[in-house]
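Enquirer: If you scroll down you'll find the structure; I have some questions about it.
The values are calculated or read from the model by the stated rules, or taken from the named source; none is laboratory data. For clarity, every value in this text was computed on a predicted model and none was experimentally measured. Here the Cβ positions follow ideal geometry from the backbone for every residue, glycine too, while neighbour counts run over all protein chains shown.
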Amino acid sequence: MKLSTLRLPAAWATVAAALLAPTIDPAALGPALAGLLFAWLLGIIFWSAFGVVHEAEELAEALGEPFGTLILTLSIVIIEVALIAAVMLGSKDVPTLGRDTMFAVLMIVLNGVVGLGLLIGGLRHHQQSYNLQGASAYLAITIPLSMIALVIPNFTTTTVRGTLSTAQSGLFSLLTVALYGVFLWLQTGRHRSFFRPVPAGAAPAALPPAEGADAPATPMPHADAATSKSTTGRHVVLLLANILPIVILSKSLAKLLDAGIAALGAPAALSGVVIAMIVFTPEAISALRAVHANQLTRAINLCLGAAASTLGLTVPAVLLIGVLTGQSVVLGLSSANMVLLAITLVLSTLTFSGTRTTILEGTVHLSMFAVFLILVFAP
């Protein structure tokens, strides 16, 4: 029996136990038992997240790009929002959690995973090519979204530094959703070819337009089409079956995480880093596998797509929770982190300004990731 076949039974058995058990009180459990319970929940959530990645990759094979990576990134963002919401609703004193998580995702994705991926790809393949138009499109949406969410709140004067008024929160959320919605419309429609691998010897601009150009050369037999629909439907169901345990268990994990960070006296930003690592590690592994297989366009779709979707969907969700619960939500970054974000965005623009990448870009991105980790523990 494959270990993967035990994933869903273990996850849903844990969900049943969590729903039937009394409310978790980390203080009453004691450090040892609370640590074991945290490790178990974390393991189940990681295992389920790998299940999400597997089913999304199966859908990617069936649906093609960019739908495959889009499904995966949106699934990961759902998990991220669930974890953030669980912490915010369980504890009333986490005003910077959304900001810390989004910033950690950006640093992990744009510096950590991209840097490691380019380093591995450069060592294995010397130079790697990708679809420049897709990377440029991702950066074109990521740069304004990150500035709106993480920098502008530091310079508004209606409220205290780093926060937004209710009116500003509503308008900024609508603007963020609108920008991301337009991006998704173009990604899945008119400019779908931007997010597909470039055929050998072809320039990105030489790709045929997405609309009307994707029909197979020969019609698929009716029986094969029915089988394909059935297989796709099965993977969608399994995808949801792997996501739901993560969402349900996130509240219990959040309580233990919050209590553990408080007990250790760790910096508050560590909570956001842990959540970002929980939700993005499986996707990061998928991206690195793609780099190793010389599929850099898919890896870029995963990494830059995660950055864009995190900003496009997490910001409105965090602001909405803050308004509904009356909690203060601090989005503005510290001065040092604003500088680090600016360097990262400029560096990403330079990295993806040509059609090939080398080890040098990977090394520089990893150095910026090291700076981020240092600032978490020694701000």
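Enquirer: Look through Ser348, Ser286, Ser334 and report the one residue that is touching a residue at least 60 places away in the same chain (Cβ under 8 Å), closer than 26 Å to Ala254 by Cβ and hydroxyl-bearing (Ser, Thr, Tyr).
Expert: Ser286
Enquirer: Further question: Take Ala299 and tell me if it is without any contact (Cβ under 8 Å) to a residue 12 or more places away in the chain and either over 20 Å from Pro153 (Cβ atoms) or of a type in the set (S, T, N, Q) (or both). First the steps, then the outcome.
Expert: On the way: without any contact (Cβ under 8 Å) to a residue 12 or more places away in the chain: no; either over 20 Å from Pro153 (Cβ atoms) or of a type in the set (S, T, N, Q) (or both): yes.
Taking the combined requirement at face value, the residue does not satisfy it.
Enquirer: Can you tell me how many residues in region 112-155 are among the β-branched types (Val, Ile, Thr) and closer than 17 Å to Val346 by Cβ?
Expert: The qualifying residues number 5.
Enquirer: With the requirement that a residue be among the hydroxyl-bearing types (Ser, Thr, Tyr) and at pLDDT 80 or above, what does region 30-74 give you? Explain how you work it out, then say what you get.
Expert: First, the residues of region 30-74 that are among the hydroxyl-bearing types (Ser, Thr, Tyr): 48, 69, 73.
Ser48 - this is the single residue of region 30-74 that is among the hydroxyl-bearing types (Ser, Thr, Tyr) and at pLDDT 80 or above.
Enquirer: Among the listed residues Ser169, Ser173, identify the single one that is within 26 Å of Met88 (Cα to Cα), touching a Pro at 6+ places or on another chain (Cβ under 6 Å) and not charged (D, E, K, R).
Expert: From the options Ser169, Ser173, the qualifying one is Ser173.
Enquirer: Between a residue in region 256-276 that is over 17 Å from Ala39 (Cα atoms) and any residue that is part of a helix (DSSP H, G or I) and among the polar types (S, T, N, Q), which pairs come within a Cβ distance under 7 Å, given they are 6 or more apart or on different chains?
Expert: Gly272/Thr101
Enquirer: Mind checking which residues of region 315-360 are at pLDDT 90 or above, closer than 23 Å to Gly162 by Cβ and among the polar types (S, T, N, Q)?
Expert: Ser334, Ser335, Asn337, Thr344 - these are the residues of region 315-360 that are at pLDDT 90 or above, closer than 23 Å to Gly162 by Cβ and among the polar types (S, T, N, Q).
Enquirer: So Phe280 ticks every box in (1) closer than 20 Å to Val376 by Cα; (2) at pLDDT 85 or above; (3) assigned to a helix (DSSP H, G or I) but one. Which box is left unticked?
Expert: (2)
Enquirer: Oh, and also: Go through (1) over 25 Å from Leu59 (Cβ atoms); (2) small (Gly, Ala, Ser); (3) modelled with pLDDT of 80 or more; (4) within 20 Å of the chain's Cα centre (by Cα) for Ala86 and report which single condition fails.
Expert: Exception for Ala86: condition (3).
Enquirer: Looking only at region 62-112, count how many residues are of a type in the set (Ser, Thr, Tyr), part of a helix (DSSP H, G or I) and closer than 23 Å to Leu319 by Cα. Write out each step before concluding.
Expert: Pass one, region 62-112, residues of a type in the set (Ser, Thr, Tyr): 69, 73, 75, 91, 96, 101.
Keeping just the survivors that are part of a helix (DSSP H, G or I) gives 69, 73, 75, 101.
Checking the rest, the ones that are also closer than 23 Å to Leu319 by Cα come to 73, 75, 101.
The qualifying residues number 3.
Enquirer: Name, by its number, the condition in (1) over 27 Å from Leu150 (Cα atoms); (2) touching a residue at least 24 places away in the same chain (Cβ under 8 Å) that does not hold for Arg190.
Expert: It fails just one condition, (2).
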